[in-house]
Amino acid sequence: MEQLAEFVQSALASDSNLAARMAVFNSDSDSQLVTSETGLDISRSELSISESRFDKSDGTFFDTSSIHSASSVSTITHIKSLRRMVSYSFEHTLAKARVYRKLARSSTTKSCMTIVTSNTEWSQLSGLSLGQISNISVICLPIHSYELHNSHLFDHTQAKASDGSTALHSAAAGGHAATVQLLIKTLGANKDAQDNLGRTALYHAASSGNESMVRVLIELGVDKQAKDDKGLTALHCAASNGNDSMIRVLVKLGVEMEAEDNDGCKALHHAALNGHIIAVQKLVGHFGVEPESKDKNGWTALHYATANGHTAIVRLLIKTLGTNKDAQDNIGRTALYHAASSGNESMVRVLIELGVEKEAKDSKGLTALHCAASNGNDSMVCVLVELGVDMEAKDNDGCAALHHATLNGHIITVQKLVGHFGVEPESKDNNGWTALHYAATKGSSAMIRLLIELGLDKESKAINGGTSNDSTSPNDPGLG
């Protein structure tokens, strides 16, 4: 044994760094070393390793060591014998573990946790392939992060699934507060990590409706104003879902009520768009959100509620919350125009009942009736005329609803306007064109016949002298 000790001590004396590391290992005196062949007991404190080498030919790891013992043992002439001779008592149990048995049957030397690094085949524990490392090194040597060539692969707090979510996202969405605290406070997980949609743990907690989780995350210092790829915050999410209680929690915890997404929409817009009347009431009536705030298109909450048919919210905004009922978007269109455009007759009736301006015009001078006539929505035309909308109103080009209906080929609409409601068939635009001129430019013989039957003069002339019989295409007045 003395000869072995001298041989091992001499072989490994050169590596002071590893010797220092083993000092940490040696300070832990639990567990005994045993020899499977001689029965020799060697305490952990009696073993020091100062240098490691590998036999590249067969992937075997071997150590040279210094072992001091009063007992005698046959001299080991080759250092590889140490690996076969010395083992820890708990290694026998470990060797029976499923993961080790699975690796033993495999023809590769990959670590089961680092399959992605097949080109280098690093071990999870020491940066060395399992086929090249000894049991002693795997189990006992202190491993430092800077020694791992691919240490980033083992930072599982930052590992992401295919959708970009981390363990923190999953814990937050699942309501596992203890796990969330462990990940952030103890393991140092990025508390504002974003998934593939740019959403953080706070967004997922709000989406799942878990108020206590939202409180925990904000107490742990997450970014309350974090936005996803669409610019949506946790408050946008709560408002879109109509989660009134979550809205209250987020606002009280300091989440910005007027935050805008990429389209300039605020939480109020999302609540109105999705028909959540209580959320709208809380945001405006309780928390004081500006009811007439506009998105990038100039739409207010009233525009969104109207266009999406949410009558109760329209009534709330106008009657209770005092929203400007004739607010115009960026192209001058009011809620009434959008109601007519979407074909919602009951919404048109509600708006006019609430006192909106029936003759409101957009930036091109178009009214709700122009819109209905252009779309050929005969039923909407009837409702608007019945409710007193001016049938002869003209846009910026001097065109009436009849011109728009004719230009777009809506025969039944033309029939109703002239034959049923009695609009002036000879009405002219700024160029002196009648509906017949527009029918001629489109080459619609059916429309021409109808207009003549309705009393239009086929010889009427425009300002430029052209008649409806001219084959040349007249100037297009640019109807919209």
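Any read-out appearing in this document is the output of simple, stated calculations on the displayed coordinates, not a laboratory observation. Predicted model only: the values in this text are computed from it and were never measured. Virtual Cβ from ideal backbone geometry, glycine too; neighbours counted across all protein chains shown.
Both numbers refer to the Cα atoms of region 317-404; Rg and Dmax are 12.2, 39 Å. For the peptides 184-196, 266-278, 378-390, the ranking by packing is 266-278, 378-390, 184-196, with the highest mean count of neighbouring Cβ atoms within 10 Å listed first. Counted by Cβ distance under 14 Å from I277, the other residues give a net charge of +2, where Lys and Arg count +1 and Asp and Glu count -1. For the residue pairs K266/K394; K294/K428; K325/K416; K364/K428, alpha carbon separations beyond 27 Å are given by K266/K394; K294/K428; K325/K416. Fully extending the segment from N308 to S293, taken as 0.36 nm per residue of separation minus the present Cα-Cα distance, adds 3.6 nm. Kirkwood radius, region 375-414, all distinct C-alpha pairs, inverse of mean reciprocal distance: 10.4 Å.
With a cut-off of 12 Å on the backbone N, no residue of region 188-217 is near the modelled label site 7 Å out from A159 along Cα-Cβ.
Extending 7 Å from the Cα toward the beta-carbon at both N190 and S170 defines two label points whose distance is 1.8 nm.
For region 321-465, the alpha-carbon coordinates run over 56, 28, 20 Å along the three principal axes, in decreasing order. Where q = 0.19 Å⁻¹, what log10 of I(q)/I(0) comes from the Debye formula for region 285-345, counting one point per Cα? Scattering profile of region 285-345, log10 relative to I(0): -0.64. With 5 Å bins beginning at zero, the pair-distance distribution over Cα atoms of region 183-315 amounts to 2, 12, 21, 23, 19, 12, 7, 3, 1, 1, 0 %. Label positions at K442 and D390, each projected 7 Å from the Cα along the C-beta direction, are separated by 2.5 nm.
Take the Cβ atoms of I331 and D229, set R0 to 25 Å, and the FRET efficiency comes out at 0.35. For the pair N324 and S346 in one chain, pulling the backbone fully straight at 0.36 nm per residue adds 5.9 nm over the alpha carbon distance. May I ask you to list the residues of region 214-230 whose amide nitrogen lies under 15 Å from a point 7 Å from Cα along the Cα→beta-carbon direction of Q181? Inside the label zone: 214-221. Stretching the chain fully between E357 and H420 yields a gain of 20.2 nm (0.36 nm per residue, less the alpha carbon separation).
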